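Q: Just dropping this structure here.
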Amino acid sequence: MRRLRRAASVVIAMLAIAAGATNARAADFYRGKTLTVVVGFAPGGGVDTTARVIARHLVRFIPGAPSLVVQNMEGAAGLVAMNYVAHRVAADGLTVVIPGRSWYVEGALRGPGVAFDVDKLTYIGSPGGVNSGLFVRTATGIESLAALKASPRAVTFGTLGATTPTAMVPALLAGDGYPVKLIPGYVSTTRVLLALEQGEVDGFWTVVDSFAERHDLIEKKIVRPLLQTRPFIAGVPLLSDLVPQKERPLLMLLEGPDNFGLPLVGPAGIPADRADILRKAFMTMAADPAYQADAIKAGEPVGSPITGAQLQVMVDGLAKDATPDIVAAYRRLGSPK
């Protein structure tokens, strides 16, 4: 019996040493290397601003202190960047991506243009959920949803892509009789905000954090909110108030980008020890005061980060709960009008 115990102790010790050696090798892997963070939108927009804050601070907490390269790869609301990282780069933990806010919905629903398996990606973390709102120019004279619905002329909304919430929520309103007209073709939030400021478009559905760099649009009352996803702005109704009970799963898809925030993702197959290093670095970063100060300036949420494991569960649930009828309704919203 003593021999068995002694042998078991030796085995346990050997396993601990092996695990320690593996972790040490993984930690040392990043020394002298470069971490590339691919961003799915153009420079200067809300996604790009958030991605650069995350990237700049994340490398501080990765053992080995790798250098950093941020690469913008806009197109198809993040799908171009995600397809690239999923298939064109090595799954070695040196290239990760912040595609945007809605790409994984298309991934979970196997939408057109998706060339990756959303269930097999390496989820690293997200700063946390956000609030979105429907904003219109004050100059339109529209002060409420009722006034929007009664508008005698079409109210134009700038969009980032047909399958992004920027288009789908206004499309939902259009289907309910609101005189909404979608204006596609914008490649970044910054460009839509500029169009909104200049009167090129009348409105924009976007995350409230988009105004982090343009507080003046709200402070000077150039725009006003009419609708939101979460009860953060006093007196502004919720999107959920407009969606019938039978279409709640559709609401889940529309609000998904707010719940996920801006996830940091890697390709499938990143070695587990390196993925673990990236995930731990992300969560440590999320609690860091210097990161939080920069995140607040950029309009990012702080204090409630989402772990990679939680993101994986959320993506799995998204795909599981979307019935064919709900998916069909979602597709109709995203169809070009």
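Here, each number is a calculation from the coordinates, and none is a lab measurement. What you are looking at is a predicted structure, and each value in this text was computed from that prediction instead of being measured. Positions of Cβ are backbone-derived with ideal geometry, glycine not excepted, and every protein chain shown enters the neighbour counts.
Q: Is there a quick way to get the dipole size of the chain? I mean about its Cα centre, with the Cβ of Lys and Arg at +1 and of Asp and Glu at -1; what is the value in debye to the nearest 20?
A: 960 debye
Q: Okay, next question. Of 54, 326, how do they rank once you tally other Cβ atoms within 10 Å and put the fewest first?
A: Lowest count first: 326, 54.
Q: Quick check for you: which residues of the stretch 205-230 have the amide N under 16 Å from the point 7 Å beyond the Cα of residue 153 toward its beta carbon?
A: none
Q: Residue by residue, what Karplus-based ³J(HN,Hα) values in Hz, rounded to whole numbers, does the stretch 233-243 have, using 6.51, -1.76 and 1.60 with θ = phi - 60° and x for Gly and Pro?
A: 9, 4, x, 9, x, 9, 4, 4, 5, 9, 9
Q: Putting +1 on Lys and Arg Cβ atoms and -1 on Asp and Glu Cβ atoms, find which of 146, 199, 165 reaches farthest to the positive end of the dipole of the stretch 132-255.
A: After comparing all options, I get 146.
Q: Which residue, chosen from 284, 37, 64, occupies the Cα position most advanced towards the positive end of the dipole of the chain, where the dipole is computed from +1 (Lys, Arg) and -1 (Asp, Glu) charges on Cβ about the Cα centre?
A: Checked the options; the winner is 64.
Q: Short version: ³J(HN,Hα) in whole Hz for each residue of the stretch 60-75, in order, from phi by Karplus 6.51 cos²θ - 1.76 cosθ + 1.60 (θ = phi - 60°), x for Gly and Pro, what are they?
A: With the stated coefficients, the stretch 60-75 comes to 5, 10, 8, x, x, 6, x, 6, 9, 10, 9, 10, 7, 9, 6, x Hz.
Q: How high is the relative contact order of the chain, in percent, with contacts defined as C-alpha pairs under 8 Å that are six or more residues apart?
A: 25 percent
Q: What residues qualify as long-range amide H neighbours of residue 122, i.e. H under 5 Å apart, gap of 5 or more or another chain, H built at 1.01 Å from N?
A: For residue 122, the qualifying residues are 266, 268.
Q: Check each of the trypsin sites (Lys or Arg not before Pro) in the stretch 179-250 and keep only those in coil by DSSP with at most 13 other C-beta atoms within 10 angstrom; list them in order.
A: Passing sites in the stretch 179-250 are 220, 221.
Q: Continuing with the same structure: Would you pull out the residues with amide H under 5 Å of residue 70's amide H, same chain only if 5 or more places away, H placed 1.01 Å from N?
A: 37
Q: To one decimal place, what orientation-averaged projected area in nm² is obtained for the convex hull of the Cα set of the stretch 249-337?
A: Mean orientational projected area (the stretch 249-337, Cα hull): 7.8 nm².
Q: Related question: Can you list residues from other chains, or at least 5 along the same chain, whose modelled amide H is less than 5 Å from the amide H of residue 306?
A: Long-range HN contacts for residue 306: 126, 128.
Q: Relative contact order (percent) for the stretch 16-160, with alpha-carbon contacts under 8 angstrom and 6 or more residues of separation?
A: 22 percent
Q: I've got another one for you. State to the nearest 20 debye the size of the charge dipole of the stretch 123-253 about its Cα centre, where the only charges are +1 on K and R beta carbons and -1 on D and E beta carbons.
A: 180 debye
Q: Please sort 314-321, 234-241, 301-308, 277-284 by packing, taking for each peptide the average over its residues of neighbouring beta carbons within 10 angstrom, highest first.
A: Averaged packing, sorted descending, gives the order 277-284, 301-308, 314-321, 234-241.
Q: Something else: Counting only helical runs of four or more DSSP H residues, what would the 222 nm mean residue ellipticity of the chain come to if each run contributes -39,500 (n - 2.57) and the total is spread over all its residues?
A: After summing the helix terms and dividing by the residues of the chain, the value is -13500 deg cm²/dmol.
Q: Over the Cα atoms of the stretch 132-255, what is the Rg over Rh ratio if Rh follows Kirkwood?
A: 0.93
Q: At 25 °C and 0.890 mPa s, grab the translational diffusion coefficient of the chain from Stokes-Einstein with a Kirkwood Rh over Cα pairs, rounded to a whole number in µm² per second.
A: Translational diffusion coefficient: 116 µm²/s.
Q: For the stretch 253-265, in order, what is each residue's ³J(HN,Hα) by Karplus, 6.51 cos²θ - 1.76 cosθ + 1.60 with θ = phi - 60°, in whole Hz (x at glycine and Pro)?
A: 5, 5, 8, x, x, 5, 5, 7, x, 10, x, 9, 9
Q: Set the Förster distance to 22 Å, then compute FRET efficiency between residue 259 and residue 34 from the Cβ-Cβ distance, nearest 0.05.
A: Working from the Cβ atoms, E equals 0.10.
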